[in-house]
Amino acid sequence: NNVNKEVLTLNIYNIIGSLVKRETIRHEKNQVSVGDLLNGIYLIEIRSNDSSQRQKLIIQNNNSK
């Protein structure tokens, strides 16, 4: 099935619309590290060759340093 072999692009935008992270996702990878992003609200966009989907991402780290 070619759907499982499709390469996807994951874009993460901050609240003002600036691109802060871009990763290529392959079918065998199902995790993306967001440890380098600050607490806040982001927009995730996942793009394939013929479609795209968007969702909100909230990062809230409660660890104190």
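Throughout, read-outs are computed from the coordinates displayed, never taken from laboratory work. In this text the structure is predicted, and so the values were computed from the model without any measurement. Backbone-built Cβ (ideal geometry, glycine too); neighbour counts: all protein chains shown.
Quick one: compute a quarter of the convex hull surface over the Cα atoms of segment 16-58 and quote it in nm². Don't jump to the answer; show the numbers that get you there.
On the way: hull surface 14.5 nm².
The directionally averaged projection comes out at 3.6 nm².
Skipping prolines and chain starts, which residues have an amide H placed within reach, meaning under 5 Å, of the one on Val20, given they are 5 or more residues away or on another chain?
HN-HN under 5 Å from Val20: Ile12, Tyr13, Asn14.
How large is ³J(HN,Hα), in whole Hz, for each residue of segment 12-20 in order, when computed from phi with the Karplus curve 6.51 cos²θ - 1.76 cosθ + 1.60 and θ = phi - 60°, using x for Gly and Pro?
Result, ordered by residue: 10, 10, 7, 5, 9, x, 7, 5, 10 Hz.
For a quick protection proxy, order the peptides 20-27, 47-54, 7-14 by their average other-Cβ count within 10 Å, most packed first.
Descending mean neighbour count gives 7-14, 20-27, 47-54.
How much net charge surrounds Gly40 when only other residues with a Cβ under 13 Å from its Cβ are counted (Lys, Arg +1; Asp, Glu -1)? Could you put the intermediate results ahead of the total?
On the way: positive: Lys21, Lys56; negative: Asp36.
Once all neighbours under 13 Å are counted, the net charge is +1.
Can you give the FRET efficiency to the nearest 0.05 for Gln60 and Thr9, using r as the Cβ-Cβ distance and R₀ = 22 Å?
0.30
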